[in-house]
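Read the figures in this text as sums done on the coordinates, not as results from a lab. Keep in mind it's a predicted model, so treat the numbers as computed, not measured. Neighbour counts run over all protein chains shown; Cβ positions are idealised from the backbone, glycine included.
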Amino acid sequence: MLDDILFVLVTCTREESRKRGLEACIRSLNSEHARVPLNGNLVVFDNASLFPEPLRELKIPAVFAMSPENVGYWGALHWTMRNIERLLGREFAFVHPIESDFTIYNIERLTEAKKAFDVVTDLHTVRTQEFSVRLKSRYFKNSWNPFRVRRSHVANHNLVTGERVWFAPVGGLNGMYVTNWHAKVPALHRFAPFQDAVEELADREQLTELDFMKAMHRRRAGVGMVDGGIWWMDFTEPPKAKTELSGSYSGADTLNKYGYRNTRCDYIPKTMPEIKISRVPT
């Protein structure tokens with residue numbers, strides 16, 4: 001029921017904290033696969049990891065694209081979408097990027113999310129991050145709610161338009177909403193507009209998450225949302241421990257020391273190294 005969704009897991013484990021995050025991600029994916037089989041629609045793009053061991057625990061049939069150097073999150077997505085027919089032998093209607101510090105749950109809810117695209121035809125993205133419409137103050141940044149869910153903090157406004165977000169239920173679908181929020185990269189997207197937006201960003205010398213949001217907004221302003229979500233992330237705020245690294249928050253010196261790249265401000269390489277394709281991580 002999820003066969004028309006391309007899942008792209010991008011990994012880069014070059015020290016212990018990211019290794020622990022990937023181990024948790026792999027455990028959650030294996031658990032979901034045991035309930036809702038994912039067969040023939042997962043690509044794992046690895047950015048020159050020094051700790052490939054967690055990938056060997058993956059129990060889902062996948063194609064592994066192993067890069068000898070770190071080409072970044074955006075470079076990995078760009079290359080994978082350009083090469084998907086060669087990798088998996090077919091096209092896909094949807095794509096859902098997965099980051100290596102995600103915990104995935106209730107993945108079957110993507111079936112309802114796909115239906116939302118049919119009911120609300122101007123949708124280009126359905127957000128899937130952990131969130132509750134009824135308990136939204138627990139998830140908004142700068143909220144005074146004492147029971148805030150810090151791992152899933154989000155802005156309470158559209159970062160492209162500045163509008164405060166609102167939610168409207170999609171009739172006939174359980175827990176699906178239309179919202180005026182901006183698009184996020186890790187979400188369920190129509191394949192074509194997402195690929196088109198990433199191709200646009202590939203022409204830039206530098207890109208940010210906001211550039212992506214604007215590119216998607218120009219194509220279609222409609223955004224949906226899965227109430228409750230299907231993933232949450234470990235590193236959504238500045239790391240509390242000195243031993244934890246974050247591509248969004250850690251300083252340039254720290255990231256350079258371990259060979260990481262900043263995920264919030266990066267670029268897509270104009271040329272790529274030779275990517276080794278296999279059915280097992282190498």
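By the scheme Lys and Arg +1, Asp and Glu -1, what is the net charge of all other residues having a beta-carbon under 13 Å from that of residue 61? Display every interim value, and only then the final one.
Working: positive: 59, 279; negative: 3.
Residues close to residue 61 contribute a combined charge of +1.
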Under the Karplus curve 6.51 cos²θ - 1.76 cosθ + 1.60, θ = phi - 60°, whole-Hz ³J(HN,Hα) for the range 95-102, x wherever Gly or Pro sits: 9, 9, x, 10, 9, 6, 10, 8
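For each pair in 141/214; 19/270; 114/276; 115/214; 114/184; 59/276, compute the distance between the two Cα atoms and list the pairs where it is over 23 Å.
Numbers: 141/214 21 Å; 19/270 28 Å; 114/276 32 Å; 115/214 25 Å; 114/184 16 Å; 59/276 20 Å.
Cα-Cα > 23 Å for 19/270; 114/276; 115/214; rest within.
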The range 5-278: antiparallel DSSP beta bridges as a percent of all, rounded to 5: 50
Highest-fluctuation residue, 167, 147, 131 considered, GNM on the chain with Cα pairs under 10 Å: 147
Those trypsin sites (Lys or Arg not before Pro) in the range 40-147 that DSSP places in a loop and that have at most 10 other beta carbons within 10 Å: 134
The chain, helix-only ellipticity at 222 nm - DSSP H runs n ≥ 4, -39,500 (n - 2.57), divided by all residues, nearest 500: -8000 deg cm²/dmol
Selected from 125, 208, 103 as most flexible by GNM, with the chain as the system and alpha-carbon contacts under 10 Å: 208
